[in-house]
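Worksheet: the structure to be examined is printed underneath.
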Amino acid sequence: MPSAFAGKLLHVNLTTGEIAPKPLDEKKVLKYLGARGFNARLLWELVPPGADPLGPENVLIFGTGTLTGTSAPTSGRTTVSCKGPATGLYLKTSVGGHWGAELKFAGYDYLIIEGRAPKPVYLVIRDGEVEIRDAADLWGKDVRETTLAIEHAFQDPDVQVACIGPAGENRVLFASIMMNYYNAAARGGVGAVMGSKNLKAVAVRGHGRIHVARPQEFRRAVMEAIEASYQDFSAKTSYLYGTSASVAVINELGSFPSFNFRSGRIDNAEKISGPYLVEAGYLKRRMGCNACIFSCHRYCEITSGPHTGAYGGGPEYETMSALGAGCGTVDVELVIKANELCNIYGMDTISAGSVVQWAMESYEKGVITEKDTGGIQLQWGNPDAILGLLEQVARCRGFGAKLAGGVRQAAKSIGRGSEKWAVEAKGLEQSRVETRTAFGYALAFAVNPRGPDHLHTQVLAEFGTRPGGRALVAKITGDEKYAFPRTLEKRADIVRWHEDCYAATDALGLCSFATTARYGVTPELLARMLSAATGVDSFESESLLFAGRRIMNLEKAFNVREGATRKDDHLPHRLMNEILAPPSGKGDDRAAAAAGRPDPVKEQINSRAYLDRMLDEYYELHGWDKATGLPRCKTLGDLDLGDVAAELDRMGKLAKD
Amino acid sequence: MEKTNRSISVSLKLFNRAFPERISLTLPPGARVRDLMAKVERKSFNGMSRKNSSPSLKDMGEDDLLLILNGRPVQNLQGYDTPLEDGDVVAVFPVMAGG
C-alpha cells in the first residue's frame, strides 16, 4: 500500500566507498514521525559519545519530511542532522527548497553519510542510481559555481544540488549547506561537517512519484489546512514582504537587535525591511519552497551603485538584523551584498553577522586594534570592513581565521572581557530575537538542545498580539491572560507545547510558519494528513504531540550523553546581565512609569533568578531532575525510550526516579 | 498627575508602505485607542486589504492590525479600550508572522 514514503534509506560510507540502499522500517520511522525525529534516532544509534564532530565518526543525515513530496501545504522541508561542531552537542537544521522532495522522487527518504572520503568527492543520486564522483574540479569553487557546474554536467536544469562553499571546505564552524543556490541548512556548522567528510555536493534527480494511502481523505485535509492558513491575514503580508516584513514592527517594539544586541532599535530601520525591498525595486521575484502556499522567500538584485550585480535569495529578517542593524547599519545594498557573500561562500548569515559585530564592539572598546585586524578598520557600519571580513572568514585568512570558530572561540582567544559581548550560549550565536523582553522565548532559547535559536521552538503566541495566538495560549494554560511576554507565569507550559508541535512540524516536513508562527495547520490537521498519507490510523492531535515530545527528549538525551547538564541551559551573558536600551516611544522610562505605564527596565529578564524559576518549572513539567537537568528513567520509559534510559543509566547520567 | 479637560494630541505612525505616514491628531480628553482608530479609518492601507478593491483601514478589522502604543502592543495593555494620553505615539501595522 502507498504510504507517503519512498521506502528506502541510503547509507553511503565515504571511507570505504560503500553504497548501501536499505528498505525503510516505516514503523520505526513513524515512532519518531520522520525527518528530524528519525534523524535524532539515527544519530543516537550511529554517533558514539565523545565523537569529534569534524572526525569521520560523526554522521551527516539528510532526512526528508514524512509528508515531503506530497501536496501538504509547506511540506518542502528537509532536516539535516549531525553532532554539531559549534557546540559539540546535538544539531539539527531544517531547510526548505526542493531538494528533499527530489530525493524522495529519486527513491530515498533518508541519506546517511558516514566516514570521510580520502579526497574530495561529490555524490550523484539519479532515480535510484548512486555514484560517488571525483570532485577535484569542484573543490575551491563557491556555491554558485559548484551548482552551475553540476547543472551543466547533468544537462538538466531540474537537478537539485546541495553543496558547500569555501567556508564548509575550510571548516568554518558556521558553514552552511546550500540547497539549489538559495536555501540554507545554515545553523551550527553542518557545512563544516560536510567539508570534514570531503563531500562537496549531493546532486539529486528523480522522476518518481509519492503516493499517499488514502488520496481523497488526504486531499480534504490538505484543502482544510490551506483554507485555515489563508484565514490568517499574515499569510498575505508574508507573500508581499517576506520575513523582513516585521523589521519595522519589531524595531517599534524596541526588540530589533542592533549594535551587537546592545540596543533593540536602530534609526531608519525601515530601510532594511521587506516593504522597502519592494518599493525601492530590489525585489525581483518571490519564491516558494516545494508545496508552499505562502512564498515568503525573496530574490533581490542590485542594478546600480557600488554593489551593482549583487543578487541572490533573501535577505531574510534574521539577515537584516545580523548583517545590518547588528553591525550598526541600515544600508540595505550592503546587506544584500553581504548576504550574497554568505550564500556563495556557504555561511550562516546569523553567525557570520554575529562574529563581525562582536569584532566591531571589541574594536570600539580597544580590545582589538588594527594591529590584530591586519589594518581593517572595524567601525560600526563600515561596509569595507563587513565585506572584507566575511571574505576572510570564509577563506580562514588573516583576522578572519580568528573568527571562523564563532564568537565563543574568538572571545576565548582574545579574552580581555570580550566574552561579555559574545552573544552565544552552548557555542551557538543567538538568533535575532530579543529574549530580554520575551520570557517564553528566553526559556525556549536557554533549553534549546542546539543553542539559543528560534527555529526549534517558536513561541510567537506569547506576544498575545493576534487572536490565533491568544486562543492557543488559552488552550495551553486555561487563560488568555498568559498571552503576555513579560511574565514568568506559565512560560514552561507554553514552551513545552510549542516544542512538541515544532518537533512534529519538522518531522512531517512542514514549515513552522504554518503551525507555530501562524496557526492554520493545527496538530489535529497534521495528524489527519499524516494518517491519510501513511494509512496509519493511530495519529490524532495528542499522539502526534506526544511523539513530538519523544523527539525532544531524545535530542535532550543525546546532549546528556555528551555530558550536558542544567548548567548548559543558559543564555548569553549580555542578555542576562545588561539592560536593553529602552524603547523610547514617549519621554523617558521614569516618566512612563510615573504615568502608570509599564516599566521597560523592570520588565526585562536580566537575572539568573528569573531564568532559574522558569527552568525549575520546565524541568518539572518534563519530568527531568531540577537540580541536574537530567531525565528520569520513568520519564523516558513513558515515552517508550527505555533503551535510551538504559544507556544513560549505564553511564550514570540518569536522575533517580 | 493633574487631570485637565484639555484635548490631547496623539501622533500616529501609519505603516502602510515602507516608511510611515506620520499624522498628528487631536482627541478629546479620555479618548481611547478605539476613538483614535475611528478617526483614521478613512486612511488607505496600500495593497493590504482582504478586499483589494477597497483598500481602506476600515476593512482591515482589529484582528488584521497590530497597534503599538509607545513601544507596547495595545493587546498587552487594554486593547482598543486603552486610554490615550497627550503625547502618545501609536504605530499601526498590518499583522505579520515569521522571521
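Counting only residues that are out of contact with any Gly (no Cβ under 6 Å at 6 or more places or on another chain) and under 17 Å from A:Phe261 (Cα atoms), give me the helices (runs of 4 or more DSSP H) lying completely in region A:359-446 with at least 3 of them.
Once the helices (runs of 4 or more DSSP H) in region A:359-446 are filtered for at least 3 residues that are out of contact with any Gly (no Cβ under 6 Å at 6 or more places or on another chain) and under 17 Å from A:Phe261 (Cα atoms), what remains is A:406-414.
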Looking only at region A:150-173, filter to residues that are among the charged types (D, E, K, R) and in contact (Cβ under 8 Å) with a residue 12 or more places away in the chain; which one of those is farthest from A:Arg133 (Cα to Cα)? A:Arg171
Report yes if some residue within region A:513-525 is within 26 Å of A:Ser607 (Cα to Cα) and at pLDDT 95 or above; otherwise report no. no
From the list A:Val356, A:Val335, A:Val367, A:Val330, which one is outside the structural domain of A:Ala175 (by TED's automatic domain parsing) and surrounded by fewer than 21 Cβ atoms within 10 Å (Cβ to Cβ)? A:Val367
Could you check region A:499-536 and list, in sequence order, the residues that are within 14 Å of chain B (Cβ to nearest Cβ) and either in contact with a Gly (Cβ under 9 Å, 6 or more places away or on another chain) or surrounded by fewer than 23 Cβ atoms within 10 Å (Cβ to Cβ) (or both)? A:Tyr502, A:Thr505, A:Leu510, A:Cys511, A:Ser512, A:Phe513, A:Ala514, A:Ala517, A:Arg518, A:Tyr519, A:Gly520
Can you name every residue in region A:113-150 that is surrounded by 14 or more Cβ atoms within 10 Å (Cβ to Cβ) and within 17 Å of A:His207 (Cβ to Cβ)? A:Val124, A:Ile125, A:Arg126, A:Gly128, A:Val130
Please enumerate the residues belonging to region A:459-483 that are buried (at least 24 other Cβ atoms within 10 Å of the Cβ) and either in a loop (DSSP other than H, G, I, E, B) or among the hydroxyl-bearing types (Ser, Thr, Tyr) (or both). A:Val459, A:Thr465, A:Arg466, A:Ala483
Hits in region A:229-258 (condition: small (Gly, Ala, Ser), over 30 Å from A:Ile150 (Cα atoms) and within 14 Å of chain B (Cβ to nearest Cβ)): A:Ser229, A:Ser234, A:Ala235, A:Ser238, A:Ser244, A:Ala245, A:Ser246, A:Ala248, A:Gly254, A:Ser255
When you scan region B:68-77, how many residues do you find that are more than 7 Å from chain A (Cβ to nearest Cβ) and either part of a helix (DSSP H, G or I) or free of Cβ contacts under 8 Å to residues at least 24 places away in the same chain (or both)? 2
Restricting the search to region B:29-40, which residues are at pLDDT 90 or above and outside any loop (DSSP other than H, G, I, E, B)? B:Arg32, B:Val33, B:Arg34, B:Asp35, B:Leu36
Would you confirm whether any residue within region A:188-208 is at the interface with chain B (Cβ under 10 Å from one of its Cβ atoms), surrounded by 24 or more Cβ atoms within 10 Å (Cβ to Cβ), touching a residue at least 40 places away in the same chain (Cβ under 8 Å) and within 23 Å of A:Gln357 (Cβ to Cβ)? no
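Within region A:349-378, track down each residue that is polar (S, T, N, Q) and farther than 16 Å from A:Trp421 by Cβ.
A:Thr349, A:Thr369, A:Thr373, A:Gln377
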Hey, can you tell me all the residues within region B:12-21 that are more than 9 Å from chain A (Cβ to nearest Cβ) and at pLDDT 90 or above? B:Leu12
Which ones in region B:80-96 are facing chain A (nearest Cβ under 9 Å), buried (at least 17 other Cβ atoms within 10 Å of the Cβ) and not in a strand (DSSP E or B)? B:Glu85, B:Asp88, B:Val95, B:Met96
Across region A:168-183, what is the total count of residues that are small (Gly, Ala, Ser), assigned to a strand (DSSP E or B) and within 23 Å of A:His152 (Cβ to Cβ)? 0
A:Gly69 meets each of (1) in contact with a helix residue (DSSP H, G or I) (Cβ under 9 Å, 6 or more places away or on another chain); (2) not in a loop (DSSP other than H, G, I, E, B) with one exception, condition (2)
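A quick yes/no check of all residues on (1) of a type in the set (Asp, Glu); (2) at pLDDT 95 or above; (3) in the same structural domain as A:Phe259 (by TED's automatic domain parsing); (4) touching a helix residue (DSSP H, G or I) at 6+ places or on another chain (Cβ under 9 Å):
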{"position": "A:Asn577", "(1), (2), (3), (4)": "no, no, no, yes"}
{"position": "A:Lys602", "(1), (2), (3), (4)": "no, no, no, yes"}
{"position": "A:Met614", "(1), (2), (3), (4)": "no, yes, no, yes"}
{"position": "A:Glu620", "(1), (2), (3), (4)": "yes, yes, no, yes"}
Residues located in region B:12-28, provided they are assigned to a loop (DSSP other than H, G, I, E, B) and more than 20 Å from B:Gly79 (Cβ to Cβ): B:Asn16, B:Arg17, B:Ala18, B:Phe19, B:Pro20
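Looking only at region A:18-26, decide whether some residue is modelled with pLDDT of 95 or more, more than 22 Å from A:Met651 (Cβ to Cβ) and either crowded, with 23+ Cβ neighbours inside 10 Å or not assigned by TED's automatic domain parsing to the domain that holds A:Leu123 (or both). Show your work before the answer.
If we filter region A:18-26 for residues that are modelled with pLDDT of 95 or more, which is where we start, we get A:18-26.
Checking the rest, the ones that are also more than 22 Å from A:Met651 (Cβ to Cβ) come to A:18-26.
Filter once more, keeping what is either crowded, with 23+ Cβ neighbours inside 10 Å or not assigned by TED's automatic domain parsing to the domain that holds A:Leu123 (or both): none.
No; the residues of region A:18-26 include none that is modelled with pLDDT of 95 or more, more than 22 Å from A:Met651 (Cβ to Cβ) and either crowded, with 23+ Cβ neighbours inside 10 Å or not assigned by TED's automatic domain parsing to the domain that holds A:Leu123 (or both).
The values are calculated or read from the model by the stated rules, or taken from the named source; none is laboratory data. What you see is a predicted model, and the numbers here were worked out from it, not measured in a lab. Cβ atoms come from the backbone with ideal geometry, glycine included; neighbour counts cover every protein chain shown.
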